[in-house]
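So the structure is just underneath, and the comments pick up after that.
Derivation of every value follows stated rules applied to the coordinates shown; laboratory data play no part. Please read these numbers as outputs of a predicted model, since none were measured by experiment. Cβ sites come from the backbone with ideal geometry, for glycine too, and all protein chains shown count toward neighbours.
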Amino acid sequence: MNILILGATGFIGSAVARKLTEEGHQVTGLGREPARAALKMPQARWLKANLTGMTRREDWQDALDGQQVVVNCAGALQDGYSDDVGATQERAMLALYEAARGRDLLIVQLSAETEGAGSDLPFLDTKRRADAALTASGVRHVILRPALVLGRNAHGGSALLRALAAFPLVVPLAYADSPVMTVALDDVASAVSAAVQGTLPSGSDIALGSDDRLTLKGLVLLHRSWLGLPPAPVLAVPTPAARPVTWLADLAGRLGWRSPLRSAALAVMSGGVRVRRRPGADRRLLSAAETLAAAPSGVQDLWFARLYLLKAPIIVTLALFWVVSGIAPLLGFEAARGHFATFLPDRPASVMLAATCLADIALGLAVLFRPWAWRALLGMLLLTLIYLLVATLAEPALWLDPLGPLVKVVPSMLLTLTALGILDER
């Protein structure tokens, strides 16, 4: 079959695309940045598109031509610079359903349990309205509602579980006793395959969650054991203490960073992650323990878990370092200009000092904005090398200065390289 997968570059979408491709289907993946996915899965066809710009029926005509199935794996947790929840999860879907009318097309919708804690949030409210519209559209469809998805790889909530599990000495947790149902990523992909093959009849609305009963605390400690770390006590974090973290995560979302610690995720977790059993699927699903045991961890998983929560402090530290490095010389302008005055006249020395200070501040601010972060980090490396070269030629004695003004630059370069190494999210 010819199958279009929305959100095919994501955690779930990429697994579904791989599964359907292996089964011999002709898969077309749609995503915002599919270049890397195309390299990893060249046997699929790839379309670069953003669902936020596909909110009219005519926006779907070309994408749907020749397709027999559409699998919607796209979603957005919360509004931010890179995400529009209403457009992605509702308006684009309504336009898709309208464009699908009159076509022999099956839509497989990856949704969520939309009742319970956080049900009034845009994340769940838009899913609920889109599901209702799909049911009423007359288009052949299957709705799948996975619980918290676990797989060999990790993204979002599953990545956060690993990061929390790797905390040294003690594991800090808010909502530690909230119940959490899980489902294996492979089971989700198999359910999509069953829908495509017709094993799940049109109109099915199926919850995907294993039978094991875990709390968030139990799930995190299970991941800690999977990582090969010794047991650690759990520190219950009061809700008020978690709010500053969610506020900062929400702010980061406005700058293009998709943190699983945003307020929408915490609101959902306050009531736990559960799915209501619905008729239509009696296949036994893997438990969380079985899912993790099927893919034993390696040292790369431990590295990822330890670095995941360090990513934000690394970026913020670099931003502060460069902004302060730009502001400090301006506060002591005459003294700072003396370094340039050794090889430049007074006026050019003043201009050069002002230019380098502004460049430092600009790079420090730019790295906080996710779409510019990669370029800003490269700019930091380039400018640092220029500073070192010029300083070495102009004042080589600075390398032997007891305060180490040049030597201390080297660790900042290594921190910048670390940031570049862990910048990718998928």
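What aspartates and glutamates could a cross-link reach from K19, if we take a straight Cα to Cα line under 13 Å and drop same-chain neighbours fewer than 8 places away?
D186, D187
Sequence neighbours fewer than 8 away in the same chain don't count; with that in mind, list the lysines whose C-alpha is under 16 Å from K48.
K48 reaches K40.
Can you tell me how region 101-161 classifies by the Cα gyration tensor, rounded, prolate or oblate, using a/c under 1.5 as the rounded cut?
Oblate is the answer for region 101-161, as a/c is 1.5 or above yet b/c matches or exceeds a/b.
Could you sort 199-209, 226-236 so that the peptide with the highest average Cβ count within 10 Å comes first and the rest follow in order?
Top of the packing list down: 199-209, 226-236.
Using modelled amide H (1.01 Å from N, peptide plane; none on Pro or chain starts), what sits under 5 Å from the amide H of H141, excluding residues fewer than 5 places away?
Residues meeting the amide H criterion: I107, G203.
With r defined as the distance between the Cβ atoms of L389 and Q197 and R0 fixed at 51 Å, what FRET efficiency is calculated, to the nearest 0.05?
Step by step, r from the Cβ atoms, then E = 0.20.
What nm value, rounded to one decimal, do you get for the distance between L255 and W372 when each label is placed 7 Å out toward the C-beta?
Each label point is offset 7 Å from its Cα along the Cβ direction, giving 1.1 nm.
When a/c reaches 1.5 or more, the comparison of a/b and b/c decides; with that in mind, is region 347-426 rounded, prolate or oblate per its Cα gyration tensor?
Oblate, because a/c is 1.5 or more while a/b does not exceed b/c.
Could you work out how far helix 239-254 tilts from the main Cα principal axis of the chain, as a 0 to 90 degree angle to the nearest 10?
Here the helix axis deviates by roughly 80 degrees.
How would you classify the chain from its alpha-carbon gyration tensor, with a ≥ b ≥ c the square roots of the eigenvalues: rounded for a/c under 1.5, else prolate if a/b is greater than b/c, otherwise oblate?
Since a/c reaches 1.5 and a/b is larger than b/c, the shape of the chain is classed as prolate.
Quick one: net charge around A166, please, counting Lys, Arg +1 and Asp, Glu -1 for every other residue with C-beta under 11 Å from its C-beta.
+2
For the chain, give the share of DSSP beta bridges that are antiparallel, in percent and rounded to the nearest 5; count only bridges with both residues there. Don't jump to the answer; show the numbers that get you there.
On the way: 3 of 36 bridges.
So the antiparallel bridges in the chain amount to around 10 percent.
Taking the Cβ of S210 as the center, what net charge do the other residues with Cβ under 10 Å away carry, scoring Lys and Arg +1 and Asp and Glu -1?
Neighbourhood net charge equals -2.
Any lysines with Cα under 19 Å of the K217 Cα? List them, leaving off those in the same chain fewer than 8 positions away.
Straight-line reach from K217, under 19 Å: no lysines qualify.
Can you give the extra length, in nm with one decimal, that the chain gains between D401 and A35 once fully stretched, where that is 0.36 nm per residue apart less the Cα-Cα distance?
Residue separation times 0.36 nm, minus the Cα-Cα distance, leaves 127.0 nm.
Below 13 angstrom from the Cβ of L47, what's the summed charge of the other residues (Lys, Arg +1; Asp, Glu -1)? Kindly include the intermediate steps, with their values, before the conclusion.
Numbers: positive: R32, R45, K48; negative: E33, D59, D62, D65.
For residues surrounding L47, the net value is -1.
Determine the relative contact order of region 78-145: mean sequence separation of Cα pairs under 8 Å and six or more apart, normalised by residue count, in whole percent.
The value is 44 percent.
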